[in-house]
Amino acid sequence: MKHIRNDLSCVPLRGNVETRVGKVASGAVDAIIIAQAGLNRLGLADKISAVLDPVEFPTAPAQGALAVQIRAGDDELAAMVCRLDDRNTRIAAETERHILAAMHGGCSIPLGVHTRIEGDTITLAATISDFEGPRCIKRTASSQIAGAAAMAEKLAAELLDAGAGEILEKVRRDKT
């Protein structure tokens, strides 16, 4: 956000969705950025004033993807759970986790990604920025789905070559 609007003051906000929305209503903050799905699920869609472009405001890798874990050897349960699989969501989440791993990152690094699958082609847009806002590195790559992991690793290398390593080093240093 800061690399787009450096005049804004971004503050951490804790609490459930209703608490966060209440902070805006009470004037404690001017605005919040929150998942549209959560507002829709809670019947608060009327509180949405703008929907952010996922390419311009990418989410954390695999954000929103769900996984089901079952006991080993239960073939009947495995067959039932397989019907829940959404191929494109699985491929997108796996690809996004590949770039995260290739950057040696965890849940606290400032990496945002957006994946689009059209036919057999996958496109991954990745953004890494410092928390203060001025440094923002963006790269995009596409490949056939079969080469998604290699494409994600190559994209991570491009980000690192462009200065993402310095951003990550600063983030890790500031955490300690």
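The values are calculated or read from the model by the stated rules, or taken from the named source; none is laboratory data. On a predicted model such as this, the values are computed, not experimentally measured, just so you know. Positions of Cβ are generated from backbone atoms using ideal geometry, with glycine treated the same way; all protein chains shown enter the neighbour counts.
The C-beta contact set for region 152-167 (first residue among the basic types (Lys, Arg), second residue assigned to a helix (DSSP H, G or I), distance under 9 angstrom, 6+ apart or interchain) comprises 154/102. Scanning region 102-136 for residues that are under 15 Å from residue 63 (Cα atoms), free of Cβ contacts under 8 Å to residues at least 40 places away in the same chain and not hydroxyl-bearing (Ser, Thr, Tyr) yields a total of 3. Can you go through 137, 117, 122 and tell me which one is within 20 Å of residue 3 (Cβ to Cβ) and either assigned to a strand (DSSP E or B) or touching a Leu at 6+ places or on another chain (Cβ under 9 Å) (or both)? Every option except 137 fails the conditions. Summed over region 37-65, residues that are among the polar types (S, T, N, Q) and closer than 25 Å to residue 139 by Cα total 2.
Go through (1) modelled with pLDDT under 95; (2) closer than 22 Å to residue 163 by Cα one by one and return the number of the condition residue 80 breaks. Failing condition for residue 80: (2). Taking region 22-35 as the range and being surrounded by 12 or more Cβ atoms within 10 Å (Cβ to Cβ) and within 21 Å of residue 63 (Cα to Cα) as the test, the residues that pass are 32, 34, 35. Residues of region 154-175 include none that is closer than 13 Å to residue 62 by Cβ and in contact with a strand residue (DSSP E or B) (Cβ under 9 Å, 6 or more places away or on another chain). Across region 35-74, the qualifying residues are those that are out of contact with any Ser or Thr (no Cβ under 6 Å at 6 or more places or on another chain) and in contact (Cβ under 8 Å) with a residue 40 or more places away in the chain, and the one among them that is nearest to residue 96 (Cα to Cα) is 61. Of the residues making up region 144-171, those that are part of a helix (DSSP H, G or I), farther than 12 Å from residue 99 by Cα and in contact with a Ser or Thr (Cβ under 9 Å, 6 or more places away or on another chain) are 145, 167, 171. For the residues 98, 104, the requirement of being in a helix (DSSP H, G or I) and not assigned by TED's automatic domain parsing to the domain that holds residue 1 singles out 98.
Considering only residues in region 39-56 that are surrounded by 12 or more Cβ atoms within 10 Å (Cβ to Cβ) and modelled with pLDDT of 90 or more, the one that is nearest to residue 1 (Cα to Cα) turns out to be 52.
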